[in-house]
Amino acid sequence: MALSNFFLNLDQKILSKAEGGFTSFRIEVAGHVIEQRFVSEEHANTVKPFFTGIITEDKMPDAVFYFWTDDVNDYLPKGTENVDAVWRSRDDTGYLRITPDYEVTGIDYQRNIFYYCRHPDSGSESILYGHAMVVIFGQWARQNGMLLLHSACVGCGGKGIMLSARGGGGKSTLAVSCLLDGMDFVSDDYILVNQEGPLRAMPLYRTVSLNQDMEALLKPGLPVIRIDRSHNDKLMMDASSYEFRDSLPVSAIVYPNLTDDEFPSIGPASRGSVLVKIIDSTASQLGVFRDPEPYRMMSQRLMDIPVFEIKLCKDLQKNVQCLRNFIAEEI
């Protein structure tokens, strides 16, 4: 069965589950309008705050995302009922990835419709929040000339740098400190970058996240959207009261490293080591470990960008000033 026919049948199945219709809202990201549709109003209401500040009205969508929870086995194509691992199919009309009892990810290339379903008993509350959004946006970005990266982006004077580190490495704390200090800001966690031309970073949503001890230290005074129980009770906060840059050129990648030094410092870093960390961290978030294409695309896109390490001290303001001086004077 052609995937285009499968997706038309999938639409009918989803519609039959959506008693009273869909709950939806539209957002504007990287010049595109995306309508997000949810079978559950509760699900929609938990996701919508992530997009505070970029929700748009009266614009026709360029793409549609479906999010719902159900028994994934109900959506297996004929002939795949006995699949015991990951089942994939791709043709000129679309892409489909199904893991029984776990998730469905699909893309209808012809209609620019994206599907994401998780079994309701398959995991934590992240089913309803960040994980599904990251997976779908990663697929959408690739179809629209962009890549989604697990990185922050800040800058000053119209020049930007990527801050890239695994969770707990100080990336978000440093990025939010820069935001509070008035530096140019794109994101503290995920960015979209263009696949071709001079590298530019774009924001995905208007939230920031901090561990509770760092939030108590920085005191940003931002409304808490939710507490992420699956990530050490990290606070997800609405930062739409601050100005976000819609796009910022990226001149360097800076890898934060926590130290006991009295003063911060920035110097060249091993390109291979840092790129591996960025790519592996992004692949982990997107769930694309077995697909070599995202690895290749990320490697090619970042291989010519200068790479540095910032050795962070315990004084957050010193770290921000060090990074500000580096951007102003060195790139």
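Among the residues of the stretch 215-237, the ones that are over 24 Å from Leu312 (Cβ atoms), surrounded by fewer than 18 Cβ atoms within 10 Å (Cβ to Cβ) and not basic (Lys, Arg) come to 4 in all. Could you please let me know if Glu57 is assigned by TED's automatic domain parsing to the domain that holds Val135, surrounded by fewer than 16 Cβ atoms within 10 Å (Cβ to Cβ) and in contact (Cβ under 8 Å) with a residue 24 or more places away in the chain? Answer is yes for this residue. If Ala165 satisfies every condition in (1) crowded, with 23+ Cβ neighbours inside 10 Å; (2) part of a loop (DSSP other than H, G, I, E, B); (3) at pLDDT 95 or above but one, which is the exception? Here Ala165 meets the rest and fails (3). Do we have Tyr205 as of a type in the set (Ser, Thr, Tyr), assigned by TED's automatic domain parsing to the domain that holds Ile161, at pLDDT below 95 and in a loop (DSSP other than H, G, I, E, B) here? Spelling it out, Tyr205 is indeed of a type in the set (Ser, Thr, Tyr), assigned by TED's automatic domain parsing to the domain that holds Ile161, at pLDDT below 95 and in a loop (DSSP other than H, G, I, E, B). Assuming Arg26 fulfils every condition listed in (1) surrounded by 18 or more Cβ atoms within 10 Å (Cβ to Cβ); (2) in contact (Cβ under 8 Å) with a residue 40 or more places away in the chain apart from one, which condition is it? So Arg26 meets the others, but not (2). Note on the stretch 87-118: among residues that are among the β-branched types (Val, Ile, Thr) and within 15 Å of Asp71 (Cβ to Cβ), the one that is surrounded by the fewest Cβ atoms within 10 Å (Cβ to Cβ) is Thr99. Residues that are in the same structural domain as Lys171 (by TED's automatic domain parsing), surrounded by 14 or more Cβ atoms within 10 Å (Cβ to Cβ) and among the hydroxyl-bearing types (Ser, Thr, Tyr) occur at least once in the stretch 268-282. Somewhere in the stretch 173-187, is a residue in contact (Cβ under 8 Å) with a residue 60 or more places away in the chain, within 26 Å of Thr46 (Cα to Cα) and assigned to a loop (DSSP other than H, G, I, E, B)? No; the residues of the stretch 173-187 include none that is in contact (Cβ under 8 Å) with a residue 60 or more places away in the chain, within 26 Å of Thr46 (Cα to Cα) and assigned to a loop (DSSP other than H, G, I, E, B).
Just one of (1) touching a Ser or Thr at 6+ places or on another chain (Cβ under 7 Å); (2) within 25 Å of Gly31 (Cβ to Cβ) fails for Tyr255. It is (2). For the stretch 274-296, a residue qualifies if it is closer than 24 Å to Lys159 by Cα and either without any contact (Cβ under 8 Å) to a residue 60 or more places away in the chain or not hydroxyl-bearing (Ser, Thr, Tyr) (or both), and the qualifying residues are Val274, Leu275, Lys277, Ile278, Ile279. Any chance the stretch 231-254 includes a residue that's closer than 30 Å to Trp87 by Cα and touching a strand residue (DSSP E or B) at 6+ places or on another chain (Cβ under 9 Å)? Taking every residue of the stretch 231-254 in turn, at least one turns out to be closer than 30 Å to Trp87 by Cα and touching a strand residue (DSSP E or B) at 6+ places or on another chain (Cβ under 9 Å). Within the stretch 289-300, the only residue that satisfies the criterion of being within 13 Å of Leu199 (Cβ to Cβ) and crowded, with 17+ Cβ neighbours inside 10 Å is Met298.
Would you confirm whether or not the stretch 233-246 contains a residue that is in contact with a Leu (Cβ under 9 Å, 6 or more places away or on another chain), more than 19 Å from Phe51 (Cβ to Cβ) and not charged (D, E, K, R)? Checked against the condition, which is being in contact with a Leu (Cβ under 9 Å, 6 or more places away or on another chain), more than 19 Å from Phe51 (Cβ to Cβ) and not charged (D, E, K, R), the stretch 233-246 yields no hits at all.
Listed by position, the strands (runs of 3 or more DSSP E) contained in the stretch 215-269 that have at least 2 residues being of a type in the set (Gly, Ala, Ser) are 248-258, 265-268.
Scanning the stretch 250-267 for residues that are crowded, with 17+ Cβ neighbours inside 10 Å and among the hydroxyl-bearing types (Ser, Thr, Tyr) yields Ser251, Tyr255. When residues in the stretch 152-197 are screened for being touching a strand residue (DSSP E or B) at 6+ places or on another chain (Cβ under 8 Å) and under 27 Å from Val64 (Cβ atoms), 9 of them pass.
The values are calculated or read from the model by the stated rules, or taken from the named source; none is laboratory data. It should be emphasised that the depicted structure is a prediction, and the values quoted were computed from it without experimental measurement. Methodologically, a virtual Cβ is constructed for each residue, glycine included, from the backbone with ideal geometry; neighbour enumeration extends over all protein chains shown.
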